[in-house]
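K.L.:
One structure, as structure tokens, below. Some questions next.
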Amino acid sequence: NEYKSYLRLKMGDAVWIKRDYPFTYRDFNVDIIGNYNLRNGKVINVDEATFPRLKPWEGEELNLLVGYDTYEDTYLGQEGHVALNELLEWISAKTYPLQNYNIKVVCKRGILKTIGCTLQDRKNKWRFKVCRLQGIIYISDCEAKEPLERGHILQCCYAGTVFAKSTAERDEEEEKTFSYVVAECSFKDIKCLIAGVPDCKDNEEFVEIKTTTLKNYKRNCSRGWLQAYLLGNQKLVLGLRDDDFILRDVKNENVRELPEKYGAEGKWSGKKMLGFIHSVLRVLLDKVPEGGTCTIYSSGQGKYHITVDKQDETFLNESYKQHTCN
């Protein structure tokens, strides 16, 4: 009953990906190489970004839905290719030579996390756009995301935001700013350039902050683990809530110890998550033609498809293409 899934090309070619794809933690490496702030959609403070500070939990219970009834902004995140453009702007500002550093893939951290978490949730649906320019694969969200409807998903997102704000000290300017870390991460022979937003810093270490339910945290912490691990973060702060969104406990976890600590009982494997990302990236590098674009998506039934477009246009903005070609 070995679980398999596949990536299918429009031309009918199919590549099978085994769930137990051989991968070890030594096959993954990450190095932080820069940072930047994002304010009002513009990249500022290249390599001078400021990050909030971690605030210790003092044991108080917290209603994570305080203010939810009057909360009007039902969209939490960024839209379409705009998110990737920020990283491209950093590359241009730094005149970072991707080919010289053997970079094969450029994307935001969240995309790799979503792909890696698919093995944990076969019902999860996602869709990304992919293009290839001068041998490098770029992956982006396909389009602007629809506002989240009021319901359980939005409540979970809102609760996570409230907990993060209560756990990290921010001044007024930091409330309006997203602070990004840029990193090189390697999956065996595939080197990626990614960017992500750590929630805060504790001394000199970056920290991820997540919320989950008390009864399922040993399984659900796999998402927080992967998000932290992709940037090399050492610490994960887990806010454990009950079904009424009341914060009941906070756990400070060592990221590198989590797979051994909770993986078996939570029925997840960090090595399989990383190995699946590597498998998907390898297929993209092998199958997407130079100058081509494609869509990769999960149907939510354990199947992963690639549809290759034949036109030469890419979703990369013109200024970046000129920078790269020069």
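The values are calculated or read from the model by the stated rules, or taken from the named source; none is laboratory data. All figures in this text were calculated on a predicted structure; none of them were measured in a lab. Using ideal geometry, Cβ is built from the backbone for each residue, glycine included, and neighbour counts are taken over all protein chains shown. These accessible areas exclude ligands, DNA and RNA; they are computed on the full protein's heavy atoms, side chains included. Shrake-Rupley method; radii C 1.70, N 1.55, O 1.52, S 1.80 Å.
K.L.:
Restricting the first residue to region 258-271 and requiring it to be under 14 Å from THR24 (Cα atoms), which pairs with a second residue that is of a type in the set (Lys, Arg) and open to solvent by less than 90 Å² (accessible area, probe 1.4 Å) meet a Cβ separation below 6 Å and a spacing of at least six or different chains?
P.N.:
Going by the 6 Å Cβ cut-off, there are no qualifying pairs.
K.L.:
Considering only region 102-123, state which residues are more than 20 Å from GLU86 (Cα to Cα) and open to solvent by 40 Å² or more (accessible area, probe 1.4 Å).
P.N.:
Result: ASN102, ASP121, ARG122, LYS123.
K.L.:
State all residues of region 33-69 that are among the basic types (Lys, Arg) and either in contact (Cβ under 8 Å) with a residue 12 or more places away in the chain or surrounded by 15 or more Cβ atoms within 10 Å (Cβ to Cβ) (or both); if no residue qualifies, say none.
P.N.:
Those that are among the basic types (Lys, Arg) and either in contact (Cβ under 8 Å) with a residue 12 or more places away in the chain or surrounded by 15 or more Cβ atoms within 10 Å (Cβ to Cβ) (or both): ARG39, ARG53, LYS55.
K.L.:
All but one of (1) in contact with a helix residue (DSSP H, G or I) (Cβ under 7 Å, 6 or more places away or on another chain); (2) open to solvent by 10 Å² or more (accessible area, probe 1.4 Å) hold for ASN233, so report the exception by its number.
P.N.:
With (1) in contact with a helix residue (DSSP H, G or I) (Cβ under 7 Å, 6 or more places away or on another chain); (2) open to solvent by 10 Å² or more (accessible area, probe 1.4 Å) applied to ASN233, the lone miss is (2).
K.L.:
Condition first: in a strand (DSSP E or B), open to solvent by 50 Å² or more (accessible area, probe 1.4 Å) and closer than 29 Å to VAL105 by Cβ. Now tell me which residues in region 158-190 satisfy that.
P.N.:
PHE178
K.L.:
Tally the residues that are over 19 Å from LYS113 (Cβ atoms), outside any loop (DSSP other than H, G, I, E, B) and open to solvent by 10 Å² or more (accessible area, probe 1.4 Å), restricting the search to region 274-294.
P.N.:
Count: 3.
K.L.:
ASP243 fails exactly one of the following numbered conditions: (1) in a loop (DSSP other than H, G, I, E, B); (2) in contact with a helix residue (DSSP H, G or I) (Cβ under 8 Å, 6 or more places away or on another chain); (3) not small (Gly, Ala, Ser). What is the number of that condition?
P.N.:
(2)
K.L.:
Could you please give the count of residues in region 263-273 that are within 18 Å of LEU112 (Cα to Cα), part of a helix (DSSP H, G or I) and not charged (D, E, K, R)?
P.N.:
Total satisfying the criteria: 2.
K.L.:
Here's a follow-up. Here are some conditions: (1) closer than 28 Å to LYS235 by Cα; (2) in contact with a Leu (Cβ under 7 Å, 6 or more places away or on another chain); (3) at pLDDT 90 or above. ILE139 meets all but one. Which one does it not meet?
P.N.:
The number of the failed condition is (2).
Rundown of residues vs (1) in contact (Cβ under 8 Å) with a residue 12 or more places away in the chain; (2) touching a strand residue (DSSP E or B) at 6+ places or on another chain (Cβ under 7 Å); (3) of a type in the set (A, V, I, L, M, F, W, C), yes/no style:
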site	(1), (2), (3)
SER179	yes, yes, no
GLU184	yes, yes, no
PHE187	yes, yes, yes
LEU193	yes, yes, yes
GLY196	yes, yes, no
CYS200	yes, yes, yes
GLU204	no, no, no
LYS210	yes, yes, no
THR213	yes, yes, no
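K.L.:
Sticking with this structure for a sec: So is GLY263 surrounded by fewer than 21 Cβ atoms within 10 Å (Cβ to Cβ), touching a Ser or Thr at 6+ places or on another chain (Cβ under 9 Å) and among the small types (Gly, Ala, Ser) or not?
P.N.:
Against the criterion (surrounded by fewer than 21 Cβ atoms within 10 Å (Cβ to Cβ), touching a Ser or Thr at 6+ places or on another chain (Cβ under 9 Å) and among the small types (Gly, Ala, Ser)), GLY263 qualifies.
K.L.:
Among residues belonging to region 191-230 that are of a type in the set (Phe, Trp, Tyr) and open to solvent by 10 Å² or more (accessible area, probe 1.4 Å), point out the one that is nearest to the chain's Cα centre (by Cα).
P.N.:
Once the filter is applied, the top-ranked residue is TYR229.
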